[in-house]
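Visitor: Take a look at this one; I'll ask things after.
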2 protein chains.
Amino acid sequence: MAVYKTFQPQDALAYAVAHTSLFEGLDPATLSCSEIGDGNLNLVFKVSHPSGTSAIVKQALPYARCVGESWPLTLDRARIEAEAMLIESELCPALVPTIYHYDAGMAVTIMEDLSDHVILRQAMVAGEHFPRLIEDMARFLADTLFFTSDLYLDQQQKKARVAQFINPELCKITEDLFFLDPYCDHERNNVYPGFETRAAALWHNEALKAEVAELKFRFLTEAQALLHGDVHAGSIFVRQDSTKVIDAEFAYYGPMGFDIGSFIGNLLLNFCGQWGLMAAEDQRNAYRSGLLESIDQLWSGFAERFSEHLSQSTRDPSLNTLRWQSRLLRGIWQDTLGYAGCELIRRTVGLAHVKDLDSIADEQRRLQAAEQALILGEALVLQRHELDNMADVLAMLVDKVRY
Amino acid sequence: MAVYKTFQPQDALAYAVAHTSLFEGLDPATLSCSEIGDGNLNLVFKVSHPSGTSAIVKQALPYARCVGESWPLTLDRARIEAEAMLIESELCPALVPTIYHYDAGMAVTIMEDLSDHVILRQAMVAGEHFPRLIEDMARFLADTLFFTSDLYLDQQQKKARVAQFINPELCKITEDLFFLDPYCDHERNNVYPGFETRAAALWHNEALKAEVAELKFRFLTEAQALLHGDVHAGSIFVRQDSTKVIDAEFAYYGPMGFDIGSFIGNLLLNFCGQWGLMAAEDQRNAYRSGLLESIDQLWSGFAERFSEHLSQSTRDPSLNTLRWQSRLLRGIWQDTLGYAGCELIRRTVGLAHVKDLDSIADEQRRLQAAEQALILGEALVLQRHELDNMADVLAMLVDKVRY
C-alpha cells in the first residue's frame, strides 16, 4: 500500500498509466491531465489521450475542501467509496461508472470517464429533460437498497457489511448539515439576505424539530440497507440514454428512505428553483408539471420493483409475509417524504446550497423560490404520516406553491 | 495471546492462579476447582480456597453446548462478553460481577464468584421474593441503554461501538429461536405432548406473524443501544440485598425494548408457571399479584430514570426535544411489550424452555400454564400499539388469564 501524498496533475497521469491498461502502447507525452473537480471533498483529475481514451483519477483529500483544512476527514472514505461502488456495480452495472483500480493507501480510485455525460444538476438548472433518468434511478434505488438489506443478504454477511461501512466522519457531515444546522442559529448556515426572519422561524418550530429529531435518530440507528448516502443532483451524471450515479463516499447502513428522499428532494429543489429560472410561464409550468410526474413515476417505479424483489427474493421466511411487507413499504414511504423535506430545508438555509436556487438572478424570485422550498420541506416533514400516497403529496404541493 | 484449548478443571485452577492476584500466597494444592456450568454455551469453573477466596473461570466453547458440536460458535463471543461487561460495570458497577482478567485467545474471563447469590430463575420457581431486584433492574436497563446510545455517546464513538459489538452468530441464535422457530413447524421446536394443536395455531396466525416480522426486522436493523441481549431469569443472580447481571455474550447494538421486554417476559413466564407451581391458592394469588406489581414498578422505574437521563444528559441538541423524547419512550414501550410477548411464546413452544413451566409436576396444570403464556404472548405482540400504559396491560393480563 503506497504512502499518501496529494496528487498534482502529473502524479495523477503517471498513476493512471501505471495502474490501468487503458493507456498501454500510447506515448505518455501525448497524454494530458487536468483537475476538474468541483465537489467538496476530493481532487478529481481527468487523464486523456487525443484518441479519446480517458479515465478519471479521484483522490480523497484529508480535509473537507469546501471548509478547508480545519475540517479534517479520514482518507478511509476512499475505501468506503470504492467498496460501495463495487457493490453497486454488481447490482446495477449500467448505472455506475466502471472502476479500473483502487488503492487505499493513496486514497485513489481510477474510474470510467463520464465526460460524455453532464451533471444532472446543471442540466436540470438549464431545464433539460432526460428520458431514462427516472426509470434508471428507480431501479438503482430498488436494487441497491433491497439486495444489501436483511431481506436478501445472509443476515450474518449483512452484519459484516454494517461493520465494513461504518463511516463516522462522513455521516457526521450529514448529521450536522442535514439535521442540526438549519434548526438553530448555526454559524455554518448560509441564509440569503432578506430571508433571515423566515430562516429563524425554523429554530422555533417545535413540532418540526420533533419530527426532524425522529428522522435524525432513524438516520443514526436504522441499519436497513447500504445507502449511497448522498443521492443529490450533483452525484448523478446523465446522457439522453444513460444514467450514472457517482460519489458513494457517504455510503453506510441507514434507513432506505434517506436515499430515495434525497433524490426526490433534489427534484423538488429544481421544481422550486424553476420559479425563478425559467422565464416563459407556459414553458415553466409544463416543465414543473413534468417534474411532478417524474416524482410520481420515481416512487411508483421504485415501489413496484422493490415489491417484486420482496415477493420473489426475500430470503428470510420470517420476513416473507405480505402484511408486514406492505407495512415496511409504508415506513420507507414516510421516511422518503421526511428526508426529502429535510433536503429541501437544508439546501435553502444551510451551508451547502444548490444552483437551482442560488443561480436565480432575480432576487425577489430567488427569495420566493426559497420560500417555496421551505414550505414544501416543512409540509413533507410534518405531514409525512398523513400523506398516504403520491396523489396526496402532489395535491399538497400544488396547493402550497404558487404555480 | 494464548492458543485456545478447552479447559479441564485443573487447567482452570492453574489459569486463575497465574492470572489473578486473588490466590497469592496460598498453597495451590489447597485450592479446588469444579465445573459448575449449566448454561448452553460455555464451561464455568469455580476455583476456591477453604478460606473462602474464590473466582469464576468462564470459558467459551467453540460450539453450542445444548445442541452439540454440530452448531459451531465463534470464540469471539468471549471478547464481546468481556467488553460488554466492562462497559456495564462502568455504568452500573454494583450490578455486574467484577472482571479480574480476560484473554481473547483462550476465550476465558475470570470474574467474581457469585456463590452467595442464587440464580433468579430457580428462586422465582421456588416463589421467593427479592426486594432489590426490580429497582436494580430498572436502573441497569435505564443506565446501560441510555448511556450507550446516540442520546449520550459521541455519535462517532457510538459507531465504533456498533462495529465492536457486531455479533452475528449469537444474534443468529436469537433470530432463529425467538423469531423463526415458534412460527413454523421447525424441528428445533419443543412442544409438550398434548400441546401440538395449540402450537400449530401459531404457524397460521398471519396477523401474529406480521407483527413478529416487524419485531424481528427491528431486532436486525435498529442499532439503538448496546443491549445485554439475553436478560432472562437465568442471567441474573440475586441475593436479598444484591442483583448481578451476568452472561453478556449476546451483546450487540439493537432496539432498547428487547432487553426490557426479555426481562418482563421472564417475570410473566413465572407468573404463568405459578399456576402450576404454587399449590396454595391464596399464596399463589398473592405472589402473582406481586409479580404484576413488579412489572408495573419495573417499567415505571425504567421510564422515570430513562426520562431523567433524557432531560439531563442528552448530548445531541437535535435530540433534546421533549416532544420527540416522549415519542421515543413510547416506541421503547411498544417494543418492550412485543419482545416480552415473543419471549413468552418462544419459551413455551421453542427449543429453550424454562423451569417455570417445565418443572410443573401436574401435566394438566402445565398445559394450562403454557396456554396462559401463549395467550399473553400473543396479546402482547398483537396489541402492543393499543396498550397505552401498564394499567392497560395488567387489565388485559387479568382479563386473559385464569387467576
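The values are calculated or read from the model by the stated rules, or taken from the named source; none is laboratory data. These figures come from a predicted structure and were not determined experimentally. Every residue, glycine among them, receives a Cβ derived from its backbone with ideal geometry; neighbour counts consider all protein chains shown.
Visitor: Looking for something among the basic types (Lys, Arg), within 22 Å of B:Glu169 (Cβ to Cβ) and surrounded by 19 or more Cβ atoms within 10 Å (Cβ to Cβ) - is there at least one such residue anywhere in the stretch B:48-58?
Guide: yes
Visitor: Please state which one of A:Ser115, A:Ser149 is touching a residue at least 12 places away in the same chain (Cβ under 8 Å), within 14 Å of another protein chain (Cβ to nearest Cβ) and small (Gly, Ala, Ser).
Guide: After applying the criteria, what remains is A:Ser149.
Visitor: Please give the number of the condition A:Leu226 fails out of (1) in contact (Cβ under 8 Å) with a residue 60 or more places away in the chain; (2) more than 21 Å from A:Phe306 (Cα to Cα); (3) outside any helix (DSSP H, G or I).
Guide: So the condition that A:Leu226 fails would be (2).
Visitor: On the given criteria, is B:Ile80 part of a helix (DSSP H, G or I), within 30 Å of B:Asn190 (Cβ to Cβ) and outside the structural domain of B:Glu169 (by TED's automatic domain parsing)?
Guide: When the stated conditions are applied, B:Ile80 passes them.
Visitor: Report yes if some residue within the stretch A:189-196 is under 19 Å from A:Pro72 (Cβ atoms) and at pLDDT 95 or above; otherwise report no.
Guide: No, the stretch A:189-196 contains no residue that is under 19 Å from A:Pro72 (Cβ atoms) and at pLDDT 95 or above.
Visitor: Still on this structure, I have one more. What's the number of the condition A:Thr98 fails, among (1) of a type in the set (Ser, Thr, Tyr); (2) touching a Ser or Thr at 6+ places or on another chain (Cβ under 6 Å); (3) more than 14 Å from every other protein chain (Cβ to nearest Cβ)?
Guide: In the conditions (1) of a type in the set (Ser, Thr, Tyr); (2) touching a Ser or Thr at 6+ places or on another chain (Cβ under 6 Å); (3) more than 14 Å from every other protein chain (Cβ to nearest Cβ), A:Thr98 misses (2) alone.
Visitor: Being within 28 Å of the chain's Cα centre (by Cα) and more than 18 Å from A:Asp247 (Cα to Cα) is true for just one of A:Ser34, A:Ser51. Which residue is that?
Guide: Exactly one of A:Ser34, A:Ser51 is within 28 Å of the chain's Cα centre (by Cα) and more than 18 Å from A:Asp247 (Cα to Cα), namely A:Ser34.
Visitor: Let me ask another. Looking at A:Asp185, A:Asp143, A:Asp154, A:Asp150, can you tell me which residue is assigned by TED's automatic domain parsing to the domain that holds A:Gly234 and buried (at least 22 other Cβ atoms within 10 Å of the Cβ)?
Guide: Every option except A:Asp150 fails the conditions.
Every residue, every condition in (1) in the same structural domain as B:Glu378 (by TED's automatic domain parsing); (2) under 29 Å from B:Asp388 (Cβ atoms); (3) surrounded by fewer than 24 Cβ atoms within 10 Å (Cβ to Cβ), yes or no:
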| position | (1), (2), (3) |
| --- | --- |
| B:Ser235 | yes, no, yes |
| B:Ala248 | yes, no, no |
| B:Phe263 | yes, yes, no |
| B:Cys272 | yes, yes, no |
| B:Leu277 | yes, no, no |
| B:Ile295 | yes, yes, yes |
| B:Leu298 | yes, yes, yes |
| B:Phe302 | yes, yes, no |
| B:Glu308 | yes, yes, yes |
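Visitor: Name every residue in the stretch B:147-173 that is among the acidic types (Asp, Glu) and within 17 Å of B:Phe258 (Cβ to Cβ), in order of residue number.
Guide: Residue satisfying the conditions is B:Asp150 alone.
Visitor: Follow-up. Looking at A:Tyr63, is it touching a Phe, Trp or Tyr at 6+ places or on another chain (Cβ under 9 Å), within 28 Å of A:Phe165 (Cβ to Cβ) and loosely packed, with under 15 Cβ neighbours inside 10 Å?
Guide: When the stated conditions are applied, A:Tyr63 passes them.
Visitor: Looking at the stretch A:290-302, I want the residues that are among the aliphatic types (A, V, I, L, M) and have a partner that is surrounded by fewer than 21 Cβ atoms within 10 Å (Cβ to Cβ) and part of a helix (DSSP H, G or I) with Cβ atoms under 6 Å, at least 6 apart or on another chain. Which pairs are those?
Guide: A:Leu292/A:Leu394
Visitor: If you scan the stretch A:179-203, which residues turn out to be within 14 Å of another protein chain (Cβ to nearest Cβ) and either in contact with a Ser or Thr (Cβ under 9 Å, 6 or more places away or on another chain) or among the hydroxyl-bearing types (Ser, Thr, Tyr) (or both)?
Guide: A:Phe179, A:Leu180, A:Pro182, A:Tyr183, A:Cys184
Visitor: When you go through B:Ala126, B:Ala142, B:Ala84 one by one, which is the residue that is more than 27 Å from B:Glu304 (Cα to Cα) and small (Gly, Ala, Ser)?
Guide: Among B:Ala126, B:Ala142, B:Ala84, only B:Ala126 is more than 27 Å from B:Glu304 (Cα to Cα) and small (Gly, Ala, Ser).
Visitor: Of all residues in the stretch A:187-218, how many are aromatic (Phe, Trp, Tyr) and in contact (Cβ under 8 Å) with a residue 60 or more places away in the chain?
Guide: So the answer is 2.
Visitor: Mind checking which residues of the stretch B:357-367 are crowded, with 17+ Cβ neighbours inside 10 Å and assigned to a helix (DSSP H, G or I)?
Guide: B:Leu357, B:Arg366, B:Leu367, listed by residue number.
Visitor: So, A:Ile56, is that one out of contact with any Phe, Trp or Tyr (no Cβ under 6 Å at 6 or more places or on another chain), part of a strand (DSSP E or B) and among the aliphatic types (A, V, I, L, M) or not?
Guide: Taking the combined requirement at face value, the residue satisfies it.
Visitor: Ok, one more. Which condition does B:Ser235 not pass, out of (1) among the hydroxyl-bearing types (Ser, Thr, Tyr); (2) in contact with a helix residue (DSSP H, G or I) (Cβ under 7 Å, 6 or more places away or on another chain); (3) more than 27 Å from A:Trp324 (Cα to Cα), if it passes all the others?
Guide: If we test B:Ser235 against (1) among the hydroxyl-bearing types (Ser, Thr, Tyr); (2) in contact with a helix residue (DSSP H, G or I) (Cβ under 7 Å, 6 or more places away or on another chain); (3) more than 27 Å from A:Trp324 (Cα to Cα), just (2) comes out false.
Visitor: Consider B:Thr221 carefully, then state whether it is surrounded by fewer than 16 Cβ atoms within 10 Å (Cβ to Cβ) and either within 12 Å of another protein chain (Cβ to nearest Cβ) or over 24 Å from B:Leu86 (Cβ atoms) (or both).
Guide: So B:Thr221 fails the test.
Visitor: Among the numbered criteria (1) farther than 19 Å from B:Gly377 by Cα; (2) more than 14 Å from every other protein chain (Cβ to nearest Cβ); (3) not charged (D, E, K, R), which one does B:Leu227 miss?
Guide: (2)
Visitor: Still on this structure, please answer the following. Going by the structure shown, is B:Thr144 in contact with a strand residue (DSSP E or B) (Cβ under 9 Å, 6 or more places away or on another chain), away from chain A (no Cβ under 14 Å), touching a residue at least 40 places away in the same chain (Cβ under 8 Å) and within 21 Å of B:Gly257 (Cα to Cα)?
Guide: It is true that B:Thr144 is in contact with a strand residue (DSSP E or B) (Cβ under 9 Å, 6 or more places away or on another chain), away from chain A (no Cβ under 14 Å), touching a residue at least 40 places away in the same chain (Cβ under 8 Å) and within 21 Å of B:Gly257 (Cα to Cα).
Visitor: Further, regarding this structure: Being over 21 Å from A:His353 (Cα atoms) and of a type in the set (Ser, Thr, Tyr) narrows it down to one of A:Ser51, A:Ser70, so name that one.
Guide: A:Ser51
Visitor: Could I ask something else about it? Quick test of your reading of the structure: B:Ala199 fulfils all but one of (1) closer than 29 Å to B:Leu133 by Cβ; (2) modelled with pLDDT of 95 or more. Name the failing condition by number.
Guide: For B:Ala199, the exception is condition (1).
Visitor: If you go through the stretch B:313-330 one residue at a time, do you hit one that is away from chain A (no Cβ under 14 Å), buried (at least 16 other Cβ atoms within 10 Å of the Cβ) and either at pLDDT 95 or above or assigned to a loop (DSSP other than H, G, I, E, B) (or both)?
Guide: no
Visitor: Does the stretch B:152-178 hold any residues that are facing chain A (nearest Cβ under 7 Å) and among the basic types (Lys, Arg), and which are they?
Guide: Across the stretch B:152-178, the qualifying residues are B:Lys159, B:Lys172.
Visitor: Among (1) within 30 Å of A:Gln274 (Cα to Cα); (2) touching a strand residue (DSSP E or B) at 6+ places or on another chain (Cβ under 8 Å), where does A:Thr109 come up short?
Guide: With respect to (1) within 30 Å of A:Gln274 (Cα to Cα); (2) touching a strand residue (DSSP E or B) at 6+ places or on another chain (Cβ under 8 Å), A:Thr109 is out only on (1).
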